[in-house]
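The values are calculated or read from the model by the stated rules, or taken from the named source; none is laboratory data. The shown structure was predicted, so the numbers you read here are calculated from the model rather than taken from an experiment. A quick note on method: Cβ atoms are made from the backbone with ideal geometry, for glycine too, and the neighbour counts reach across all protein chains shown.
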Amino acid sequence: MGRDHLLSLRPWESPETTSWQRLPMNAVDRRSGALSLDGSWHFQLLPSPTGASGEWTLADVPGVWTMQSPHDLPQYTNVQMPFGDVPPHTPAANPTGVYERSVDIPAEWAGRRIVLQVGAAESVLLVHVNGRQVGISKDSHLAAEFDLTAVVRPGDPATVRFTVVKWSDASHIEDQDQWWHAGITRSVLLYTTDPLHLADVTVRAPRDGRLRVDCTVRDTAGPLPEGWYVTAALDGQLLSQDTEFDRLNAEDMRVSDFYGEARLRTVVRDVRPWTAETPELYELAVRLHRSDGSIADSSHHRVGFRDVEIVGRDLLVNGERVFIRGANRHDFHPLTGRTVTADDMRADLVVLKRFGFNAVRTSHYPNDPTLYDLADELGLYVVDEANIESHDHAHEIADDPRYLPAFVDRVSRMVLRDKNHPSIIVWSLGNESDYGANHDAAAGWVRRHDPTRPIQYEGAAKIDWTDEKLASDIACPMYAPIEDCVAHALSGRQTKPLIQCEYSHAMGNSNGTLADTWAAIESTPGLQGGFIWEFWDHGILQRVNDGRPAGRGGVGLYDNGVTAPGHRWAYGGDFGEAIHDGAFIADGVVFPDRTPKPVMYEHREIAGPVRLTYDEGVLRIHNRQHFRGLEWLAAEWLLVGADGTTLRAPASLPEVEPGGSTQVPLPFPPPEPSAGETWLTLRVTTADDEAWAPLGTEVCVPQVRLAAAATDTPPEPATGPAVTLDADALLVHPLLTSAPRLSLWRAPTDNDELGGMAARWHDWGLDALVRKVVDVREEGSRVVVLSEYATGAGPVRHEQVFTPVTGGIRVEESAELPAGLDDAARVGTVFETVPGLDVLDWYGQGPWESYPDRSTGAPVGHHSLPVDELFTPYLRPQESGGRHGVRRFTLSAPDATGLAVELGAPGQVSVNRYRAEDLAAATHHDELVPRPGCVVHLDAAHRGLGTASCGPDTSAGYLVAPGTHRWEWTLRVL
């Protein structure tokens, strides 16, 4: 009957009801010594909150039933809601999970306060214990605590039941770009305290070492007892009671018999400040004493001394203007959905640190408390974001007074829980929820409670970045073109730091112009960085035979971004859902198994702590950090020559102040003019074990060119084999199964598809070029073939000149693109080889994938990889695996036979097992069938990648322009 009474209130359609009998949020960590209720629970899935009971099964807690039950599977939407009901209403078909288990309450807990903590439940939680109503909670990403002291008896078993309703009024403000799940997503525990307990602890630790600790004390047994007091010690150093604070409290009658406050202070001499580069932490122990000195309660915190402030248009950490090199991160795991472990979170942050990121935005909700502990420890700046996104109904909800309690509740509880973490430098009011009075109310609460940190909210600065709105101290737009950002910073109207909350959308083969973006940021006062969207590709491991999530049993069925046979990475629509947003969920810088995508190496180099410059014979090393010297790094020099040699020498990094540079001697003799192209690389690694990287971990590989390639190359004599053409005037070669042809099209990337380029290319017919031979003539030993291709933008004239040379054939080509063909995908040559040529060795940029507008992270060198490892398995097959700036390469068999190609000028080269049409036709990788030979593209021009799936396209300089393109290459047999 109790359960029926709670259900009759229909709290899932009452936005004014944020909770019932839920305890206030606080910053006292109770995880240590608690009784875990994680494990296997009895479970049944009902069709609605008022539906009839069904059969009991078992379910994992924590866990989402959408990854465990065949009756309610994951669904992905971005903006649109998964159902059509308007706020605050929900659909009649509303899956509801009922969890139940028995727990033995320890007998030694008699006389103590007993609290149940549910780490997170999605989206409405109703709690019953021993058949009695205990409470209600909303907010799918913060813990709910309930006092069970009067409900359970120590020494006896208790029955705990959770009813979790999937769709609710809260769903309308949890409309985030991620999978919809449901269940108990974080750990459940019971803990106990003395009735006299610490209700909250607030730590203020500025960089000057003046520590202040404020404590709130309560007694659930009644009025506070006489004589209680609080002590604290920081790394063993005792704090002093703030007697002036006590006197003023007494005089102002701010305290009552039921409410106690205490303030303690100390000054830490020679304090070691906390920053993301130097995450120095101190141990703080707080103890609540009874009058006889015995300890009633205690709390432990790790303290980092640091300041955050905005001065003019600069965000300062410890007085320094820092660049925010951030990533947006969701809670995600390909086997468990929204449920992640402490090891998962550590692995996420370790990857970010190793690739140069120094900041995380918790998009778009508070994370598990463990993540902030890890950010404190490893050194990452955090923008802590409230669980508010009303994307589909943003405008009407922003000013809806029915949702006012939810906005203030979610923001205030986040701040109350997380305020003591030094890693958190900014509070965020949520995401993509328009802007209204509800935001101002939440911002006002934060400013009063925590004046030590700024607030940001993109919706308050969406249109005019200079607008002095209460709700944002930072201009934090999304996907603003860098040109607009620079213009704003130079306009004289900028009043706030400009740090994009989202930029450089990482969907598929993407993140073009990242280096150009950062060059502008670093050279423009007022611009301080941003957060890439996003960390994860949210592919769920799916069994192909039945379409179900693989679940926890899928461990080991993926590696390096590739799934095992019979499995694939699922995205929107793959679970049979009618309403979805497709592969837009796959927009991260790592694959679902946390394998870094090639863009990570680009970011690592851009963010690297060390840079090189070489100008007029002067070599300089630059320290690009804000707070740290180079003593934590080791290095070695590499001299890369065009002749195939690579010389190595140890490097001793000089002392360089943060932000400074110093001249160093060349580690090798200057190259002779006849040596040709020569590159100097500094391979930088960790000198010792770091919390996020063992000794020897590569940190960056800055590179400078010491000498350019020779420009005058004498012509080769025509002493090679005769040129043979088939009936269609195509080259016949014993190692080629498909002759060299003109290529103007690529398998569309996600950016190409969503940015509209793919549709234009299709309309122009670039994906199905029809060749017409215009003329074939012999000029001595040379053969000239002139062809024409009809396109929707006008004819393309293509000339190939074949010349025998020693050991092979030189091919000189030109393609004349009409004015209307102003944005082709590529201009170059494509051919296919015989099977068995399985290893690519090349001189050029690498070893990872690179493209014209994403090549900073791929140093020039001599590289080698198996052909099957060149291809990048983006979740939706598309153009991938290219290498930029290739000068020459060989494709060889195990016996070293094969072919060699030398390009007349550095070009874009790709070698893989798939034709462009193979990739374009597939929706998932399990549909691809590798060809036995290699498909080789040699591009004189290749369109940049950009980020047009959600953000700016590539810059004009990376487009394939109309006009005449010329290129040449020489094919030889090894």
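Tabulated results
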item: Residues (buried (at least 19 other Cβ atoms within 10 Å of the Cβ) and among the acidic types (Asp, Glu)) located in segment 146-171; result: Asp169
item: Top-ranked residue of segment 228-270 - restricted to ones that are of a type in the set (A, V, I, L, M, F, W, C) and part of a helix (DSSP H, G or I), ranked as farthest from Arg204 (Cα to Cα); result: Ala250
item: Which numbered condition Ser787 misses (of (1) closer than 30 Å to Ala675 by Cβ; (2) in contact with a strand residue (DSSP E or B) (Cβ under 6 Å, 6 or more places away or on another chain); (3) not basic (Lys, Arg)); result: (1)
item: Matching residues, segment 310-364, being part of a strand (DSSP E or B), within 21 Å of Ala489 (Cβ to Cβ) and more than 12 Å from the chain's Cα centre (by Cα); result: Ile310, Val311, Asp314, Leu315, Leu316, Val317, Glu320, Arg321, Ile324
item: Wholly enclosed strands (runs of 3 or more DSSP E) of segment 144-227 bearing at least 2 residues in contact with a strand residue (DSSP E or B) (Cβ under 6 Å, 6 or more places away or on another chain) and of a type in the set (S, T, N, Q); result: 157-165, 188-193
item: Subset of segment 882-914 (residues that are more than 15 Å from Leu938 (Cβ to Cβ) and either surrounded by 21 or more Cβ atoms within 10 Å (Cβ to Cβ) or not hydrophobic (A, V, I, L, M, F, W, C) (or both)); result: Ser892, Pro894, Asp895, Thr897, Gly898, Arg913, Tyr914
item: Within segment 796-825, considering residues that are in a loop (DSSP other than H, G, I, E, B) and not hydrophobic (A, V, I, L, M, F, W, C), the one farthest from Leu735 (Cα to Cα); result: Gly820
item: Of all residues making up segment 484-527, the number that are surrounded by 24 or more Cβ atoms within 10 Å (Cβ to Cβ) and farther than 18 Å from Gly755 by Cβ; result: 9
item: Qualifying positions in segment 343-377 - more than 29 Å from Ala406 (Cβ to Cβ) and without any contact (Cβ under 8 Å) to a residue 40 or more places away in the chain; result: Asp343, Arg346
item: Residue selected from segment 718-746 under the condition of a type in the set (S, T, N, Q) and within 17 Å of Ser781 (Cα to Cα), by the criterion surrounded by the fewest Cβ atoms within 10 Å (Cβ to Cβ); result: Thr719
item: Any hit, segment 841-853, residues being on the phi > 0 side of the Ramachandran plot and touching a residue at least 60 places away in the same chain (Cβ under 8 Å); result: yes
item: Residue in segment 926-948 that is closer than 27 Å to Glu605 by Cα, modelled with pLDDT of 95 or more, of a type outside the set (Lys, Arg) and surrounded by fewer than 17 Cβ atoms within 10 Å (Cβ to Cβ) present; result: no
item: Spans of strands (runs of 3 or more DSSP E) in segment 601-683 with at least 3 residues in contact (Cβ under 8 Å) with a residue 40 or more places away in the chain; result: 610-615, 618-623, 633-641, 661-664
item: Meets criteria (in a helix (DSSP H, G or I) and either in contact with a helix residue (DSSP H, G or I) (Cβ under 6 Å, 6 or more places away or on another chain) or polar (S, T, N, Q) (or both)) for Ala793; result: no
item: Residue pairs meeting the criteria (Cβ under 6 Å; at least 6 apart or on separate chains; first under 16 Å from Ala461 (Cα atoms), in segment 475-491; second buried (at least 16 other Cβ atoms within 10 Å of the Cβ) and among the basic types (Lys, Arg)); result: Ala475/Lys496
item: Residue satisfying condition, being loosely packed, with under 14 Cβ neighbours inside 10 Å and charged (D, E, K, R), within set Asp219, Asp270, Asp242; result: Asp270
item: Criterion violated by Trp12 - all others in (1) modelled with pLDDT of 95 or more; (2) in a loop (DSSP other than H, G, I, E, B); (3) within 20 Å of Ala143 (Cα to Cα); (4) not aliphatic (A, V, I, L, M) satisfied; result: (2)
item: Some residue of segment 473-488 being farther than 27 Å from Leu429 by Cα, assigned by TED's automatic domain parsing to the domain that holds Val383 and part of a loop (DSSP other than H, G, I, E, B); result: no
item: Matching option when the condition is on the phi < 0 side of the Ramachandran plot, crowded, with 23+ Cβ neighbours inside 10 Å and acidic (Asp, Glu), among Asp292, Asp331, Asp344, Asp314; result: Asp331
item: In segment 609-645, the residues that are modelled with pLDDT under 95, under 13 Å from Trp679 (Cα atoms) and loosely packed, with under 14 Cβ neighbours inside 10 Å; result: Asp643, Gly644, Thr645
item: Some residue of segment 740-760 being closer than 14 Å to Val830 by Cα, assigned to a strand (DSSP E or B), among the small types (Gly, Ala, Ser) and not assigned by TED's automatic domain parsing to the domain that holds Ser504; result: yes
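Residues are listed down the side, and each one gets a yes or a no for (1) touching a residue at least 40 places away in the same chain (Cβ under 8 Å); (2) touching a strand residue (DSSP E or B) at 6+ places or on another chain (Cβ under 8 Å); (3) in the same structural domain as Thr339 (by TED's automatic domain parsing); (4) in a loop (DSSP other than H, G, I, E, B):
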| residue | (1), (2), (3), (4) |
| --- | --- |
| Phe43 | yes, yes, no, no |
| Pro49 | yes, yes, no, yes |
| Ala52 | no, yes, no, yes |
| Glu55 | no, yes, no, yes |
| Asp60 | yes, yes, no, no |
| Asp72 | yes, yes, no, yes |
| Gly84 | no, no, no, yes |
| Ala93 | yes, no, no, yes |
| Ser102 | yes, yes, no, no |
